[in-house]
Amino acid sequence: MINTGDKLVCTQGNDFYLEGKTYTVGKIVNDKYFQVLTASNDDHWYATLDDNGIYVSFDSMTAKSSKARFDEISDKSIV
């Protein structure tokens, strides 16, 4: 389960999320959709959590790569 304030590491980056960088979960919409804050933490994109993992989908006009993928960091003290 994803909660506000959880940390995610980007495993497949794009124009908005850098691979290997840690990002923070923002507001939760429901058990499938939530915000992932950008590097500046004042903007966000909406992520999906499903059987394919955690990802943010982008329109091809918005970013070169259509998805950014993330893994949840289980130990909050790592960041």
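Assorted remarks:
- If the condition is being assigned to a loop (DSSP other than H, G, I, E, B), loosely packed, with under 13 Cβ neighbours inside 10 Å and touching a residue at least 12 places away in the same chain (Cβ under 8 Å), then region 7-38 contributes D15, K21, V29, D31, K32.
- Qualifying residue in region 5-14 (condition: among the basic types (K, R) and at pLDDT 80 or above): yes
- Residue in region 39-53 that is surrounded by the most Cβ atoms within 10 Å (Cβ to Cβ), counting only those that are hydrophobic (A, V, I, L, M, F, W, C) and part of a strand (DSSP E or B): A47
- Of the residues making up region 26-35, those that are at pLDDT below 95 and within 10 Å of the chain's Cα centre (by Cα) are G26, Q35.
The values are calculated or read from the model by the stated rules, or taken from the named source; none is laboratory data. Keep in mind that what you see is a predicted model, and the values were worked out from it rather than measured. Glycine also receives a Cβ, built like all others from the backbone with ideal geometry; neighbour counts cover every protein chain displayed.
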